[in-house]
Amino acid sequence: MAAAKIIDGRAVAQQVLAEVEDGVSRLRQAGVVPRLATVLVGEDPASRAYVGNKRRTCEQVGIESVHHQLPASTTTEVLLELVRELNEDRAVHGILVQLPLPGRMDTQAVIEAIDPAKDVDGFHPVNLGRLVAGLETFASCTPAGIVELIHRSGFETRGRHVVIVGRSNIVGKPLMNLLVQKSPAGDATVTLCHSATREVAEHTRRADILVAAVGRPGLIRAEMVRPGAVVIDVGINRVEDPDAPRGYRLVGDVDFEAVRERAGAITPVPGGVGPMTVAMLMVNTLKAARRAAGL
Ligand code: NDP
C-alpha cells in the first residue's frame, strides 16, 4: 500500500488565517478593532511559547493583542479580579487565560468567571452546553480545528465512523459533540475511548477516521489502524533526543513512521493539529468582535 497522504496543518491554517485577515480588515473599516487579551500566570516555557505564538498570529491577521503577565505566586482571587476587569472592558473582545494554571489555583472558577461572550477558548460551561445542544457558540479551538482540517483536506465526516481516543473537556468530549451534530460538518458516528476502555485496538481498527488525543508517544501502533483510515494526531509530547538542538523533539501519540505505511492520510506532529488550534482562536476572536459590534 502506498504511504499515507500527509495532511499539512500549516498550509490549511494559513488558508483559514487569510480568511480571518480579510474579515478583520472589513471590521476595521467599520471602525472596530478586534482585540484579544492574553493572560499568563508564571513562566512555564511551553506556555510562554504558546502565548507568544498566539500573539504573533494576532499580529499577522490584524487582531490587537494585549498581554497580562502575572507572577507564579498570583492567587486565584487576583486572577479573578483581572478577569472581571477584562469582562467589563468594552475594547476587549476575547479573553484567553493560558492553561494549565499553577496547581494550587482554581482553574474551573477562572474558566467560569470569563464572560461567555468573550470565551474565545470555548471552555465556559455555557459554551460547552450550547455546543452539545447544537446552538451557535464558541467551539473550543482544538476540536474545531480538527473538524476544519478534516473537511478542508477533502474528507467527509457524514456517515463515517470516527473513533476518538481521549475524553478531556478540551479535546475529546467537545470533538465528539461537534462530530455528532446533524450538520454537514458533523453527521458522524462516534466512539469515544478512554483509560477505562477495554481493548482500545478493537475500536480503533474500526475507525474510518481515528483521532488520538491522549499525551502518550507511540500509543497508536500500525496494527491498531484500519488500512486507508484518516489518522489525526493531537498529542504533543516531548521526547529526549540528544541530537536535537534543545535536547528533545516533539512527537504525537501515533507511531508516525509505521502508521503512515498503513493509513490513507495522517497529520504530522508538529505541523498538523497545532497550527489549526491557533487559527481557530483567531476565528473565534473575530467572531466575538463582530458579535460585540452587533454585526
Ligand atoms: P488529558 O490528560 O486531559 O486527557 C487524556 C485522555 O486520554 C484522558 O481522557 C484519559 O482517560 C485518556 N487516556 C489516558 N491513557 C489512555 C490509554 N492508555 N488508552 C486510552 N485512553 C487513555 O489530555 P488533553 O486532552 O489535554 O491532551 C491530550 C494530548 O493532546 C496531549 O499530548 C496534549 O499536549 C495535546 N494537545 C494538543 C493540542 C494541540 O493544539 N495540538 C491542544 C490540546 C492538547 P481518562 O479520562 O480515563 O483519564
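Only the coordinates and a few stated rules stand behind these numbers; no lab work does. Note that the structure is predicted; figures quoted are calculated from it, not measured. Quick reminder, even Gly has a Cβ in these numbers, built from the backbone with ideal geometry, and neighbours come from all protein chains shown.
Here is how the numbers come out for the structure above:
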{"quantity": "Centroid-to-centroid separation of the range 51-119 and the range 195-270 [C-alpha atoms, Å]", "calculated": "31 Å"}
{"quantity": "Cβ-Cβ FRET estimate between R249 and E156, R0 fixed at 45 Å, reported to 0.05", "calculated": "0.85"}
{"quantity": "Folded to 0 to 90 degrees: helix 76-88 orientation relative to the chain principal axis, Cα", "calculated": "70 degrees"}
{"quantity": "Helix 141-152 axis, angle to the chain major axis (alpha carbon atoms, nearest 10°)", "calculated": "50 degrees"}
{"quantity": "Nearest 10 degrees, 0 to 90: helix 9-29 Cα axis against the chain principal axis", "calculated": "20 degrees"}
{"quantity": "Value of [θ]222 nm, deg cm²/dmol, for the chain, DSSP H segments ≥ 4, -39500 (n - 2.57) each, nearest 500", "calculated": "-12000 deg cm²/dmol"}
{"quantity": "Cβ-derived FRET efficiency at R0 51 Å, R206 paired with R26, nearest 0.05", "calculated": "0.70"}
{"quantity": "For the chain, convex hull of alpha carbons as volume per residue, Å³", "calculated": "136 Å³"}
{"quantity": "FRET efficiency, N87 to E19 (Cβ-Cβ, R0 22 Å, nearest 0.05)", "calculated": "0.20"}
{"quantity": "With eigenvalues of the C-alpha gyration tensor scaled by 5 and rooted, the range 163-295, Å", "calculated": "27, 22, 13"}
{"quantity": "Difference of contour (0.36 nm per residue) and Cα-Cα distance, L135 to E223", "calculated": "27.9 nm"}
